[in-house]
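Inspection log for the structure reproduced underneath, given as structure tokens.
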Amino acid sequence: MQGLVDRVLDGGHGPPPAEVTATSVFWVHHGTRLAGGTTTYRNQYLLVRVGTAFGACGFEAGEVDPGICADASGAPVADLLRTGPPALRIAALDAYLASVAPHRDSGAAVVTLPAGPPEVRARARDAAVASLLDVAPGARVALIGVVNPLVAAIRERGAEPLPCDLNLAATQWGDPVTRDMADVLDVADAVVATGMTLGNGTFDVILARCRDRGIPLIVYAQTGSAVARAFLGTGVTAVSAEPFPFSQFSADPTALHLYTDKDH
């Protein structure tokens, strides 16, 4: 990850970030419990706007003081990349990369999530993520960052999910959820990881293990969707990019941008 940040700071991906302004930095706390579910998802996001793009990073409760938003708004992107807390650095990097190469202009396949209630939109989103899996029936798929509709979508493709999450003990169907990535990374035939791994520092470990084992790595990203895209072809096999505003914040049709390493 640091190598990508260094290349951006050196101007390797576009305008010097010292000359690019993070116009707006803001914080969102969002809770969701889908109908019929037993899990309440509590999500905190730090968001940065650069030009026409928004960057995002989810973080755990207490990791970021919302007061940082006023201090960081209007700062050069380079300052945020060098001195911000991890969530702010990822959100700023995401915003910068999405501003110089917008998802809407990327040529990626676009899946339009239908208008409707959260349950309908979540199922459509996670079916699109699971469609990026190219595995044989019965394959074991590590799911790092558990959402129940994605567990179901992986099963519907004939694969066996191996769930891993820091905040859940079991899936909606009672499947045990491990907290230790090594439990699933060492035995999986493929890995599906949330963009949250970019913010909590585990992405580099996951990327290295998937490279070493030669197994596919799919990233489903609200956090760091443009950051994950930068690793396509160098260990990341596919990305479901969902830039802000995320699907859970709208009942209207919204877009997912699906990338594969074959496109890069």
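The values are calculated or read from the model by the stated rules, or taken from the named source; none is laboratory data. This structure is a prediction, so every number in the text was calculated from the model and none was measured. Using ideal geometry, Cβ is built from the backbone for each residue, glycine included, and neighbour counts are taken over all protein chains shown. To get the accessible areas, we keep the full protein, side chains included, count just its heavy atoms, and leave off ligands, DNA and RNA. Shrake-Rupley method; radii C 1.70, N 1.55, O 1.52, S 1.80 Å.
Restricting attention to segment 142-158 and to residues that are in contact with a strand residue (DSSP E or B) (Cβ under 7 Å, 6 or more places away or on another chain) and among the small types (Gly, Ala, Ser), the residue that is farthest from Thr197 (Cα to Cα) turns out to be Ala142. Residue count for segment 138-189 satisfying the condition of being among the acidic types (Asp, Glu) and under 23 Å from Gly201 (Cα atoms): 5.
Listed by first and then second residue, the pairs with beta-carbon distance under 6 Å, at least 6 apart or on different chains, first residue in segment 126-139 and among the charged types (D, E, K, R), second part of a helix (DSSP H, G or I) and crowded, with 18+ Cβ neighbours inside 10 Å, are Asp126/Pro149; Asp126/Leu150; Asp126/Ala153.
Yes/no matrix, rows are residues, columns are (1) among the basic types (Lys, Arg); (2) closer than 29 Å to Asp175 by Cβ; (3) without any contact (Cβ under 8 Å) to a residue 12 or more places away in the chain:
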site: Thr21; (1), (2), (3): no, no, no
site: Gly31; (1), (2), (3): no, yes, no
site: Leu34; (1), (2), (3): no, yes, no
site: Gly37; (1), (2), (3): no, yes, no
site: Gly51; (1), (2), (3): no, no, no
site: Gly62; (1), (2), (3): no, yes, yes
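For Arg121, the criteria (1) part of a loop (DSSP other than H, G, I, E, B); (2) over 16 Å from the mean Cα position of the chain (by Cα); (3) within 23 Å of Cys57 (Cβ to Cβ) hold in every case but one, which is (1). Among the residues of segment 52-67, those identified as within 13 Å of Pro243 (Cβ to Cβ) and either open to solvent by 10 Å² or more (accessible area, probe 1.4 Å) or aliphatic (A, V, I, L, M) (or both) are Thr52, Ala53, Phe54, Ala56.
Every listed requirement among (1) farther than 16 Å from Val8 by Cβ; (2) in contact with a strand residue (DSSP E or B) (Cβ under 7 Å, 6 or more places away or on another chain) is met by Arg104 save one, (2). Each residue in segment 191-243 was checked for being without any contact (Cβ under 8 Å) to a residue 40 or more places away in the chain, outside any loop (DSSP other than H, G, I, E, B) and open to solvent by 20 Å² or more (accessible area, probe 1.4 Å), and 6 of them qualify. Please enumerate the residues belonging to segment 68-102 that are surrounded by fewer than 17 Cβ atoms within 10 Å (Cβ to Cβ), within 14 Å of Val5 (Cα to Cα) and among the aliphatic types (A, V, I, L, M). Residues satisfying the conditions do not exist here. Residues that are open to solvent by 10 Å² or more (accessible area, probe 1.4 Å), within 26 Å of Asp6 (Cβ to Cβ) and among the β-branched types (Val, Ile, Thr): does segment 146-153 have at least one? No - not one qualifying residue is present in segment 146-153.
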